[in-house]
Amino acid sequence: MSTTSFLQTACMTGKRAGRLVVGLLAMIVFLASLAVPNQAFAHAALIKTDPADGVVLEQEPAQFSLTFSEPVSPLVLTLVKPDGTPVPLTAFRLSDQTVEIDNPQPLKSGTHVLSWRVISADGHPVGGSLLFSIGAPSEPPVVSEAVDWPLRSAIWVGKVFLYIGLFLGVGGAFALAWLARDARTGQRFVTAAILGGLIAASLSLGLQGLDALGAPLSHLAQPVIWRTGLGTSFGWTVLFALIALGLGLLSLAGPRATTKPLALAGLAGVGIALAASGHASAAEPQWLTRPMVFLHGVGIAFWAGALMPLGLALKGQSAEAAPFLRRFSRLILPVVAVLAAAGIVLAVIQVQTPAALVNTAYGRLLLIKLGLLVFLFTLAAVNRWKLTASAEAG
């Protein structure tokens, strides 16, 4: 081979690799945006307290109450006395969106802190505190509300790998079974994504328990942490995710006769896992939102899961690459239409007004996701109308 031919070949290979890396990075960034666990995006907000924050009372209250924007379940309730002594509050009642908490003992004069941590139906734990004084205010006791960045980072990474396992792993297994058929290109990547998802799903359950109780990473091995995580709605997501990941793995390793049914069941499991928790699923009316989340999740898994096996098949110029591409191209338009329709319905239900797109943290996060989707749709359009025909022709 001449030096010129070698350089041309190297350049073409580099461009192909570059496009593959850019596409994969775009998909991972999109998955990362889905996984952001920042507390600013939690959706249960405290709207009223009794006593009010900062109030000075003449005598101690018989009970405390916290009213939220949606129903919640208490995780940790603590009263911190003026001298810094914490008193666990275990007697409470739930009344619609209000948590009524009994005062267990007489309180002396000074400034007290009521610290709370609750979890809403969507599986997001939120916490905070309020101050009130009896008689004359005193120096407030110190209650740490610092963000646990190691735990935040672990939750973020765990959810990214969980989504990679569900979308690129289980979705990839479906693509290999139903679209690639006899071609096995990309199977190693799909298997690795599923295995990573299995590990991430298991760890995410413990991380959810830590987040729910406000405990540090060092408490991960404690049984109460895992019981708490399992008791949240996210526990159902992890359970269905593990089933979906297991079905996807079995479709790759099991007998050929069971490949398609197992892969299809795994793809359905992705939608069920995502519909089991999260604010979109918990929003009313749930008879509409949960099916929309299911369709949205299945659509993402179908689309994202096919990209790596299809890209590797085209790159390797295998005999099955062109039929694989034709099957994918025939199905992707209706899948993307369903994906977009489900996303629009969920956005309208949750945002409600155009102003909320810029005035709320959720709306701003949605705008970021829409920007990433526009980028991905642009890539898809270029592939569909400029590159597909030439790729099918070899």
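The values are calculated or read from the model by the stated rules, or taken from the named source; none is laboratory data. These numbers were taken from a predicted model, which means no experiment stands behind them. Note: ideal-geometry Cβ built from the backbone for every residue, glycine included; neighbour counts use all protein chains shown.
Of everything in segment 143-193 that's of a type in the set (Ser, Thr, Tyr) and within 19 Å of the chain's Cα centre (by Cα), which residue is nearest to residue 260 (Cα to Cα)? Write out each step before concluding.
Kept after step one, since they are of a type in the set (Ser, Thr, Tyr), are these residues of segment 143-193: 144, 153, 163, 185, 191.
Now restrict to residues that are within 19 Å of the chain's Cα centre (by Cα): 153, 163.
Values: 153: 37, 163: 22 Å.
If we take residues in segment 143-193 being of a type in the set (Ser, Thr, Tyr) and within 19 Å of the chain's Cα centre (by Cα), then 163 is nearest to residue 260 (Cα to Cα).
What residue, among those in segment 258-291 that are charged (D, E, K, R) and surrounded by fewer than 18 Cβ atoms within 10 Å (Cβ to Cβ), is nearest to residue 341 (Cα to Cα)?
The selected residue is 284.
List, please: which pairs have Cβ atoms under 7 Å, are six or more places apart or on different chains, and start with a residue in segment 192-210 that is on the phi < 0 side of the Ramachandran plot and at pLDDT below 95 and end with one that is surrounded by 24 or more Cβ atoms within 10 Å (Cβ to Cβ) and not in a helix (DSSP H, G or I)?
208/232
So which residues in segment 278-332 are within 30 Å of residue 391 (Cβ to Cβ) and among the aromatic types (Phe, Trp, Tyr), if there are any at all?
Of all residues in segment 278-332, those within 30 Å of residue 391 (Cβ to Cβ) come to 295-332.
302, 303, 324, 328, listed by residue number.
In segment 263-277, is there at least one residue being at pLDDT below 90, in a helix (DSSP H, G or I) and in the same structural domain as residue 382 (by TED's automatic domain parsing)?
No, the conditions are met nowhere in segment 263-277.
Considering only segment 87-121, state which residues are surrounded by 12 or more Cβ atoms within 10 Å (Cβ to Cβ) and among the polar types (S, T, N, Q).
Passing the criteria: 97, 98, 103, 109, 111, 115, 120.
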